[in-house]
Every structure is written in structure tokens, then in C-alpha cells.
Amino acid sequence: MDDRQRYDRATAALEPPFAVVDLAALRANAADLVRRAAGKPIRVASKSIRSRALLERVLAMDGFRGVMAYTLPEALWLAANGITDILVAYPTADRHALAALAGDARAAGHITVTVDSAAHLDYIEAAVADVRPRAELRLCLDLDAAYVAFGRRAGALRSPVREPHEAADLAAEIAKRPGFRLVGLLAYEAQIAGVGDAPPSNAARARLIRLMQALSARELILRRGRVVNAVRQFADLEFVNGGGTGSVELTTREKAVTELAAGSGFFHPRLFDFYRRFTGRPAALFALPVVRRPGPGTVTVLGGGYLASGPPGPARAPQPYLPAGLRYAPEEGAGEVQTPLLGQAAEDLRLGDRVWFRHAKAGELCEHFDALHLVDGDTVVEPVPTYRGEGRTFL
Ligand SMILES: Cc1ncc(COP(=O)(O)O)c(C=O)c1O
């Protein structure tokens, strides 16, 4: 039985649109991340999963430790539901959530918030000023891990803290202020972890990316090490987090890094097909029903416009995956309510048949569905709620 038959059979009782996670593919992807991490623990990026039940399943597997959350309200909710060791990896300006954190000693023991400036410290202090008693807040310092050369920059625009002396200054400032404890350092090299080095049919671009990534890795191994040494003069760091799905085997080689981060690698969405260092199995799919046949070689499915974040372009659209050989109509793309699909494969599709899609990214898929139907072999074992299915939309 091929994958399409298997998915069709497993979900025969469901009415599309719905989303599934193939457990065997998820487990294989998780095992491959652990292999690539070569002994260092992987913190699980929840933005790329967005289902509490699935997060718990992943955390129960060997090789994973802690959650990398994306908002403080999310982290508070996860902590209230028994998840421990949560790093909110992006700064927060949510005064209510900060006050809730400072007022909850238990949550404050499990959650670490990220800062990159004295302005963040001032902001947090103002937000928690009236909280009594006030728990000590665990902080993580975010470092700019981008590559800068020849007046250009490759990587995400995040922290203004780049050099060892800048990190040391902020660590010293944190040490001076009561109520804060610096416990972690975070440095995410998006230009390596999040940029595939095997872009399709573009050899010149591939060469450029590989050169940039090699230079960046060389620069970062020195700078990240020096920053960690500088910060350790002022704080006992419990962790130094680096990397992502696309860089796990490279980042783990750095002595200064104590743990990796990964999220997308579990679902293995479309954008992660273009790396030389690893291949994953598509584990998260969504099914849309054929609702009409406008003409020969064309079917129309319901919905479909689940575009991924990032620079807009065709790469951010979902991939019509099974049956193979379907493509978008250029003038319409993936539509709000309906999506025409062209190609020979459309000839064999009837009303009510499913077309299986992959999202370009990982967790954003869950903002469109209440549940993920877990598929094992050719059966659905159970539906688990997404964050949205639990009434939680954090972003
Ligand atoms: C701080 C941080 N670490 C790691 C990652 C990697 O996540 P993923 O494995 O989903 O690509 C990201 C993604 O944006 C991130 O922001």
C-alpha cells in the first residue's frame, strides 16, 4: 500500500478538511534529530508543534529536554499543565503575563524569559513592581548570531548584543539588579539552521549559501565561545542554547553550546526538503476535499490558502503532495475558500476525493485545525487537540 492509500484508508471515516500526523514518520524524524545532536539534549521548539499532547509525546522520547516556547502566556499555560523547563525564546512585552509570572513562584521556577537589553530589564521591573511576594525571575540573554561581512548581514535581525564585551555588560547589569537571575544564553544562527543549502535548480545560489554558511560557522564558533566565557564571569549559566533543525549536527560540535533547539524537524515541512545534511519524512499533512471539476485536467479543492510566514513568494504556499503531479493555477495560487489544481493527476480525482498537502512550515498548520489525527500505519489512533483546539491562539 502506498502512502496515499494508507492515509485515505486510515481517515476514511473523517470529513476533510482535517490534519494528520503520521506517527512513524514523526518518530523517525525525532530519532534522526537525536542522532544528529550526538549526545547533547534538544530543546523542543513548540512553535513548530502547537499541540500540547504532541509536545508531551515528543518530550517523552529519549534525547529531548525542555521546551522552547514562543510567548509568555503560552509558557504560563504549559507550566500550569505540568510542563517544566520552559524557555520563552523571544522577548515579551506582556505586562499581565510578566506580573502573573512574578506572582507565581512555581511557574517562575520553571520558566525563563529572554532579554537582550537593559530596556528589557526596566520594562520587566515596571511590569512586576506591584507584585508581592515577588518570585525571582529567570533570564536568558539573547545573542546576535548573524553573519556580518563586507557590510552585509546574513541571519535574523534579533538581539543588539553581539560582542563579548556587550554580553558581559548586560550580564553585569543583570547581576546588579535584585529579582533577576541570569541562567541561560541563546544564540540562534538562522542563516545556517533555517536556510537550506540545496535550493532547487539554482546551482549558483547553492554555492553562495554554502560559502556563507561555512564562513558564518567559523566566525560563530569563536565568538559564541568568547561570549559564553565573558558572561560566565557574572552568572552561572545552566544552559547555552543554539541551532535549529537545519544545523543540529554542526551546532552540537561547539563546546560552548550545551543544548540544541529543534522544532520543524518533527513535522518536516516543505521548506526543510532543501538541505544536504539530512532528509526527513513528511509527518504532518492536511487533506482537502475535491468539490468540483471545472474542466479537463483540473479539480478544485475546498480551502487551501494556508500560507506560511516569511518573505512572500511561491515557496510559502502549501505543497500539493498526494497524488503527485498537481500544481496551482498561476493566477489563483492557494485560495481563501477554494483552490483549483491542474495536472494529469486531476483526471483520476472524483468529487469527495482527498488531496493531501504539506504546509511550507511546521506549526502554523495548527492555527487552521482544531485537532491533529494521529495515524499509525493505516489506522487513526486518536485525535489530539492543537493549541487552537484548546481555545489557545497565542499568535
Ligand atoms: C530561537 C530559535 N531557536 C531555534 C529555532 C529553530 O526552530 P526549527 O527547528 O523549527 O527551525 C528557531 C526558529 O525560528 C528559533 O527562533
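DSSP bridge analysis restricted to the stretch 18-167 gives an antiparallel fraction near 20%, rounded to the nearest 5.
Work out the FRET efficiency for ASP62 and ALA93 from their Cβ-Cβ distance, taking R0 = 25 Å, and round it to the nearest 0.05. List each step's numbers first, then the result.
On the way: r = 37 Å, r/R0 = 1.47.
Plugging the Cβ-Cβ distance into 1/(1 + (r/R0)^6) gives 0.10.
The dipole here belongs to the chain: it is taken about the Cα centre, uses +1 on the Cβ of Lys and Arg and -1 on the Cβ of Asp and Glu, and is about 940 debye. Estimated at the nearest 10 Å², the accessible area of SER117 is 30 Å² with a 1.4 Å probe. Per residue, the chain exposes 44 Å² of solvent-accessible protein surface, assessed with a 1.4 angstrom probe and all protein chains in place. Within straight-line reach of LYS361, meaning a Cα separation under 29 Å, sit the following lysines at least 8 residues removed in sequence or on another chain: LYS40, LYS47. The simple Förster model, with R0 at 56 Å and r as the Cβ-Cβ distance, assigns GLU125 and GLU332 a FRET efficiency of 0.60.
Just to check, using Stokes-Einstein with a Kirkwood Rh over alpha carbon pairs, what's the diffusion coefficient of the stretch 79-159 at 10 °C and 1.306 mPa s in µm²/s? Write out the running numbers ahead of the final one.
Values: Rh = 14.0 Å.
Here the translational diffusion coefficient equals 114 µm²/s.
Remark on the stretch 1-126: ratio of C-alpha radius of gyration to 2.2 N^0.38 Å is 1.33.
Counting only DSSP H runs of at least 4 residues, each contributing -39500 (n - 2.57), and dividing by the residue count of the chain, the helix-based mean residue ellipticity at 222 nm comes to -9000 deg cm²/dmol.
Just the Kirkwood number for the chain, please: inverse of mean 1/r across all distinct Cα pairs, in Å, one decimal.
22.3 Å
Can you give the direction-averaged projected area of the convex hull of the alpha-carbon atoms in the stretch 285-330, in nm²?
Working: hull surface 15.0 nm².
Result: 3.7 nm².
Around the amide H of ILE111, modelled in the peptide plane, lie the amide H atoms of ILE86, all under 5 Å away and 5 or more residues distant in sequence or on another chain.
When ASP273, ASP116 are compared by accessible area at a 1.4 angstrom probe, the order from most to least is ASP273, ASP116. Applying 1/(1 + (r/R0)^6) with R0 = 56 Å to the Cβ-Cβ distance of ASP85 and GLN344, what FRET efficiency is obtained, to the nearest 0.05? It comes to 0.65.
In the distance distribution for the stretch 213-326, Cα-Cα pairs more than 20 Å apart total 60 percent. Note: relative contact order over the chain, using C-alpha pairs below 8 Å and six or more positions apart, is 21 percent. Rounded to the nearest whole Hz, the Karplus-based 3J(HN,Hα) values (6.51 cos²θ - 1.76 cosθ + 1.60, θ = phi - 60°) of the stretch 131-137 follow the sequence 7, 9, x, 10, 6, 5, 9, with x at glycine and proline. Surface composition of the chain: carbon plus sulfur atoms hold 53% of the accessible area, using a 1.4 angstrom probe and ignoring ligands, DNA and RNA.
The values are calculated or read from the model by the stated rules, or taken from the named source; none is laboratory data. From a predicted model like this one, the values you see are computed outputs, not experimental measurements. Using ideal geometry, Cβ is built from the backbone for each residue, glycine included, and neighbour counts are taken over all protein chains shown. Accessible surface areas use protein heavy atoms only, side chains included; no ligands, DNA or RNA. Shrake-Rupley method; radii C 1.70, N 1.55, O 1.52, S 1.80 Å.
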